[in-house]
Amino acid sequence: GGVTTIDPGYKNTGSCESAITFLDGEKGILRYRGYAIEDLADKADFLEVAYLLIFGELPTKEQLEKFHDDINAQSHVDEDVKKILDGFPKSAHPMGVLSSLTSALIAFNPSSVNVDSDEEMYNAIVRIMGKFPVLTAWAYRKRAGLPLDYGDDSLGYVDNFLKMMFKKPNGEYTSNKILVNALDKLLILHADHEQNCSTSTVRIVGSSHAGLFASLSAGINALWGPLHGGANQAVLEMLEAIKEDGGDTKKYMAKAKDKSDPFRLMGFGHRVYKNFDPRAKIIKVAADDVLNDLGVEDPILDIAKGLEREALEDSYFVDRKLYPNVDFYSGIIYRAMGIPVEMFTAMFALGRLPGWIAQWKEMRQRKEPIGRPRQVYIGENLRDFKDITKR
Ligand code: CMC
């Protein structure tokens, strides 16, 4: 017998038990492994949080160093991957490039596919943690027409990533503590968010034992959509468009409320949060701080704040419990850091990587069954076959 009820969008369907991330959307609470997101964003660095998500506990100094060393040992990418990247047009969207290259890594690292033992799993994890930032930086450098090379093991994970992104062709790069701290914070805030669209994708692809990299590649594609991670790019494009159009926020508020207009206020609303997205609160403060510290004045920050103020007082948004989400202010920080708008969703992917890994690992270690939802069939009943000459 089939099922008789469905839950489109899985609005009220639990897919698994998980010990990784706790989220209370009514109260606006987010915790990784029991630690408040506010504490982690303030006191930890991204690699510590990655370790926490993946292995369940905050690392000791020694554990963190070993994790970092093991990642660094895997931070080279087969030179032939550059040839694949070469084949992409310069205009290719970095998310398409990243999901393709993550898939391509399977061919270069076949031992990362059938991972059953803890050791094999660990090796696959440090491999992708090492190579993914390289691929992300390459996706950017390809677009920017910059030479592709590798990182600097002497730097922290995030500093090293920034160096891979921004080092000049002559190798020149100066670490900037403000940028490193800001990016650490942003990546931490994006690191996990329980069973969202991309994470559910990673778990369901992984549930066929397709392997970590294949599951991640699928997750990257899921994240790309503008209703999910792609919203950060869409927000900045929207704010730019409003600015170009004379900064008339009221006009865009009206468009967002008009049901005959497909326009939505990007960066607003969330499936689970019916209260302030705690990540948005932290990012809003960080946006002010980072722009101040960098001495950047960006008029779209004022437009964003104006939209937020209006939305929070508008009955359409109030009744539907639509608040700014994580993507509303993040792009303003990325832009101030010199990261172009087409790279924003790739930055989200870099942050979400440990969350995806942790969720995949949990799913495999709990020996979850293959993901296979049912449906309610609404098509034709049995029909007589008609020969092609009689149709
Ligand atoms: N602007 C205008 N109206 C909206 C918006 C918005 N951004 N978001 C939701 N609504 C309305 C929607 O039209 C609906 O109204 P009604 O009940 O009258 O039909 C009601 O609010 C509920 O929306 P929904 O689409 O049924 O809610 P959902 O849970 O299916 O969708 C969402 C959640 C995030 C996809 C949606 O709020 C949205 O499209 N937001 C804009 C895109 C965005 O910022 N996405 C990033 C999400 S956070 C980052 C991440 O984790 O991916």
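When Thr13, Thr4, Thr136 are arranged by Cβ crowding within 10 Å, least crowded first, meaning fewest neighbours, the order is Thr4, Thr13, Thr136.
Annotation: peptides 349-355, 200-206, 253-259, 119-125, ranked by per-residue average of other Cβ atoms within 10 Å with the highest first, follow the order 349-355, 200-206, 119-125, 253-259.
Would you give the gap between the C-alpha center of segment 171-191 and the C-alpha center of segment 21-67, rounded to a whole Å? First find each Cα centre; the distance between them is then 17 Å. Multiplying each eigenvalue of the alpha-carbon gyration tensor of segment 231-336 by 5 and taking the square root yields semi-axes of 22, 17, 11 Å, largest first, rounded to whole angstroms.
Comparing Ala218, Ala280, Ala210 in a Gaussian network model of the chain where C-alpha atoms under 10 Å apart are linked, the largest mean-square fluctuation is found at Ala210.
Net charge dipole, the chain: roughly 1320 debye, given to the nearest 20, about the Cα centre with Cβ charges of +1 for Lys and Arg and -1 for Asp and Glu. Our note on the geometry: Cα centres of segment 262-334 and segment 146-165, 30 Å apart.
Please tell me the relative contact order of the chain in percent, rounded to the nearest whole number, where contacts are Cα pairs under 8 Å and at least six residues apart.
Working: 519 pairs, mean separation 94.7, N = 391.
This gives 24 percent for the chain.
We did not get these values from a lab; they are worked out from the coordinates using the rules stated. None of these values were measured; they are calculated from a predicted model. Using ideal geometry, Cβ is built from the backbone for each residue, glycine included, and neighbour counts are taken over all protein chains shown.
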